[in-house]
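The values are calculated or read from the model by the stated rules, or taken from the named source; none is laboratory data. Remember, predicted model here, so these are calculated numbers, not experimental data. Because the Cβ atoms are built from the backbone with ideal geometry, glycine has one as well, and the counts that use them run over all protein chains shown. The protein model used for the area step is the full one, side chains on, heavy atoms only, and it has no ligands, DNA or RNA in it. Shrake-Rupley method; radii C 1.70, N 1.55, O 1.52, S 1.80 Å.
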Amino acid sequence: MSLSGLDDTPAEPLALFPAPESDAPAPARRRAVPAQSGRPQPEPIQAAEAGRQLVFFGAEAAEPAVADLAGLLAGPGEVVRMGGTARLSVQVDAAWRVHVLVAELAARGLAASWEPTEGERHAVRTSYTRVLKPLAAGWLHGTAKRPPVTFHLTGRRLRLWLAAAGTPEPPDGFLLRLGPDDRECWERIGVALAAAGLAGTLLDPHDGGPAFRITGRRRLSRLAELVGAPPPATPPQSWPT
């Protein structure tokens, strides 16, 4: 199945990308090439809150890194281990997200596959690889997902989280959705959002969550600065500007 066969996204050709060394085979699917080089290098964005000493960088201020994938784990992403390898997966609700995530994974040297799941959703996953072992070691306590004590959010991590599970909430809000089974993670992730100048309101499942709701012109402007311009496949109004 090609990505262009998904009904709600424009067709965009995806070329094969060399797969990283892996101890287990992955299903043969379409793969994306890394984004072109030559990204603009914006000035560091200072934290919005007065007195904050940390500087958080926008999504285009550094080269893509595997550590950025912590942004997917802040949302609904999952990581599992097998021997000395690990695999990352995330379920998304729209075909355009598949395009974006496959390209983002390829930009970090990771082969990705996708397949349709129940409820008109799509599962995007990497192959098992040793490259993801450090990420799994930091986030897994046994089989349970927990953010590391040092977890923080950068522009690139937020961009991946938003690409996988960010949705606008009219008239003036944005939701960053969470894993429904990750209740033990939510508090620490909320702290990381606040430290990035994006303090949000935690919505429980019965209130339309689990998700953090970001509201206010200053916070939404901050979010837009951090995540950068929308990827080409993004539908209008689906990305903060």
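So the label point goes 7 Å from the Cα of residue 121 along Cα→C-beta, right? Which residues of the range 212-241 then have their backbone N under 18 Å from it?
212
So between residue 67 and residue 172, what do we pick up on full extension, going 0.36 nm a residue minus the alpha carbon distance? Intermediate results must be reported in sequence, preceding the final value.
Working: separation 105, 0.36 × 105 = 37.80 nm, distance 3.08 nm.
That pair, residue 67 and residue 172, stretches by 34.7 nm at full extension.
Can you send over the solvent-accessible area of residue 108, 1.4 Å probe, protein chains only, in Å² to the nearest 10?
20
Under a point spin-label approximation (7 Å from Cα along Cα-to-Cβ), what is the residue 93-residue 130 distance to one decimal in nm?
Between residue 93 and residue 130, the simple spin-label model gives 4.0 nm.
I'd like the accessible area for residue 154, computed on protein heavy atoms only with a 1.4 Å probe and all protein chains in place. Round to 10 Å², please.
40
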